[in-house]
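Visitor: Dropping the structure in here first, questions after.
Quick note: the coordinates plus some simple rules give every number you see, no bench work behind them. What you are looking at is a predicted structure, and each value in this text was computed from that prediction instead of being measured. Methodologically, a virtual Cβ is constructed for each residue, glycine included, from the backbone with ideal geometry; neighbour enumeration extends over all protein chains shown.
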Amino acid sequence: MEQTRAPVTFNRHLTGDYWLLEVEAPQIAGALRPGEFVNILVDDRPAPYLRRPFSVYRVSADRRRLQVAYKIVGEGTRLMTQTIPTGGYCDVLGPLGHGFSLPDEARRIAVVGRGIGVAALPTLVDEAARRGIEVHGFLSARTRDNLVAEDIFAEYGFPVVTQTDEQEPGALVTTPLATLSKTMKFDAFYVCGSNRLARVVHQIAAAQQVPAEIAMEQDMACGFGDCHGCVIEVNTEGNETAWREVCHYGPVFNTWEVLHA
């Protein structure tokens, strides 16, 4: 874990409600694994006081720069668009948390994301591509302009299914995944952005007897487990439940750990 005052390569509008921030932080980018996150100090004024946690969207090929895709949802993220200019600096702490795991023997995986939850998945897609693993993407959002990461799948020639609420109200992007999984074997499943999607993914993975992981979204303060402000109830291997800090034990958990806990 490193804290650095990182030069900002750019901080620009990405699409819809989302912005994309890139900083040069080789100590963090070089050590980061897919699914881990960073904590960003929004501004040095008294408010907002707490850092904001963000999944890392992508890491540059030379492992010197990292990107954060973020959605404007409150005062902190609104200030990020104004107080972290291109050419300026950003106070970044990371890498933090426990990320995704790819089975050694994996040849094909499925990733499912909704809304800003999709931002946790591109580092996993990049790592899978590097290892020669085929990735099938299933992405959803409220509106077309809030769909992100399609270009990353296109970059590798990976198939991707997209779905929006405005086009198909009430539909789940896991429906085509469930159909495909009847004729295609996957070696692992990954999901973020919706517990409803996670429940379906868990059922599909259980039927294929392969692992499934979920990146949990939770408000965090310290980012490394000291404040105990982001605890959730989880299942344990001993068939009991326990409380775990998402920032320390997660944000990635096995789906069986968090569903129905």
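Visitor: Under the rule of -39500 (n - 2.57) per DSSP H run of 4 or more residues, summed and divided by the residues of the chain, what mean residue ellipticity at 222 nm is obtained, to the nearest 500 deg cm²/dmol?
Guide: -6000 deg cm²/dmol
Visitor: Please list the non-local residues whose amide H lies under 5 Å from the amide H of VAL42, H modeled 1.01 Å from N, same-chain partners needing a gap of 5 or more.
Guide: ARG52
Visitor: Still on this structure, I have one more. For GLU213, which sequence-distant residues (separation of 5 or more, or a different chain) have an amide H within less than 5 Å of its own amide H, given hydrogens modelled in the peptide plane?
Guide: The list, which skips near neighbours in sequence, is PHE189, TYR190, VAL191, THR255.
Visitor: Once phi is turned into ³J(HN,Hα) by the Karplus curve 6.51 cos²θ - 1.76 cosθ + 1.60 with θ = phi - 60°, what whole-Hz value does each residue of the range 160-173 show in order, with x for glycine and proline?
Guide: 9, 9, 10, 8, 10, 5, 5, 8, 9, x, x, 6, 10, 5
Visitor: Looking at the P(r) of the chain, how many percent of alpha-carbon pairs lie beyond 24 Å? Don't jump to the answer; show the numbers that get you there.
Guide: Values: 15657 of 33930 pairs.
Value for the chain (Cα pairs over 24 Å): 46 percent.
Visitor: Search the structure for amide H atoms under 5 Å from the amide H of GLY88, placed 1.01 Å from N in the peptide plane, and list their residues when 5 or more places away or on another chain.
Guide: For GLY88, whose amide H was placed from the backbone, the distant partners under 5 Å are VAL8.
Visitor: Work out, step by step, the length gained on full extension between ARG131 and ALA221: first 0.36 nm times the residue separation, then minus their alpha carbon distance; give nm to one decimal.
Guide: Computed gain between ARG131 and ALA221 is 29.0 nm.
Visitor: Another question, if that's okay. Given R₀ = 30 Å, FRET efficiency for ALA171-VAL73 by Cβ-Cβ distance, to 0.05?
Guide: 0.80
Visitor: Compute the distance from the alpha-carbon center of the range 82-154 to that of the range 1-59, in whole Å.
Guide: 14
Visitor: Which whole-Hz ³J(HN,Hα) couplings does the range 73-82 yield from phi under the Karplus relation 6.51 cos²θ - 1.76 cosθ + 1.60, θ = phi - 60°, glycine and proline marked x?
Guide: Residue by residue, the range 73-82 yields 10, x, 5, x, 6, 5, 5, 4, 6, 10 Hz.
Visitor: Related question: Using the 10 angstrom Cβ neighbour count as an exposure proxy, how do HIS228, HIS136 rank, fewest first?
Guide: Details: HIS228 12, HIS136 21.
Ascending Cβ contact count within 10 Å gives the list HIS228, HIS136.
Visitor: A further question follows. Which whole-Hz ³J(HN,Hα) couplings does the range 23-33 yield from phi under the Karplus relation 6.51 cos²θ - 1.76 cosθ + 1.60, θ = phi - 60°, glycine and proline marked x?
Guide: 10, 9, 9, x, 5, 7, 4, x, 9, 6, 10
Visitor: Which FRET efficiency value, to the nearest 0.05, do you get for ARG199 and ASP43 by plugging their Cβ-Cβ distance into 1/(1 + (r/R0)^6) with R0 = 25 Å?
Guide: The computed FRET efficiency comes out at 0.05.
Visitor: Restricting to the chain, what percent of DSSP beta bridges are antiparallel, rounded to 5?
Guide: 65
Visitor: Which value in nm describes the separation of the simple spin-label points at ALA178 and SER60, placed 7 Å from the Cα toward the beta carbon?
Guide: 4.4
Visitor: To continue, here is another question. What translational diffusion coefficient, in µm²/s and rounded to a whole number, does the Stokes-Einstein relation yield for the range 1-75 at 37 °C and a viscosity of 0.692 mPa s, taking the hydrodynamic radius as the Kirkwood radius over Cα pairs?
Guide: 253
Visitor: Kirkwood hydrodynamic radius, the range 93-158, all distinct C-alpha pairs: what's the number in Å?
Guide: 12.7
Visitor: Additional query: Taking every pair of Cα atoms in the range 108-215, average 1/r, invert it to obtain the Kirkwood radius, and report Rg/Rh to two decimals.
Guide: Rg divided by Rh gives 0.93.
Visitor: Taking the mean number of other Cβ atoms within 10 Å as a proxy for protection, how do you rank 252-260, 229-237 from highest to lowest?
Guide: Highest to lowest by the protection proxy: 252-260, 229-237.
Visitor: Test of understanding: in a Gaussian network model of the chain with alpha carbons linked when under 10 Å, which of SER55, SER101, SER181 would top the mean-square fluctuation ranking?
Guide: For the chain, modelled as a Gaussian network with Cα springs under 10 Å, the answer is SER181.
Visitor: Please compute the length gained on full extension between HIS228 and THR86, using 0.36 nm multiplied by the number of residues separating them and subtracting their Cα-Cα distance.
Guide: Numbers: separation 142, 0.36 × 142 = 51.12 nm, distance 3.40 nm.
Full-extension gain reported as 47.7 nm.
Visitor: How many nm is it between the label spots at GLN27 and ALA207, if each spot is 7 Å from the Cα in line with the beta carbon?
Guide: 4.9
Visitor: Sort 62-68, 22-28, 244-250, 168-174 by the packing proxy (mean of other Cβ within 10 Å over each peptide's residues), most packed first.
Guide: 244-250, 22-28, 62-68, 168-174
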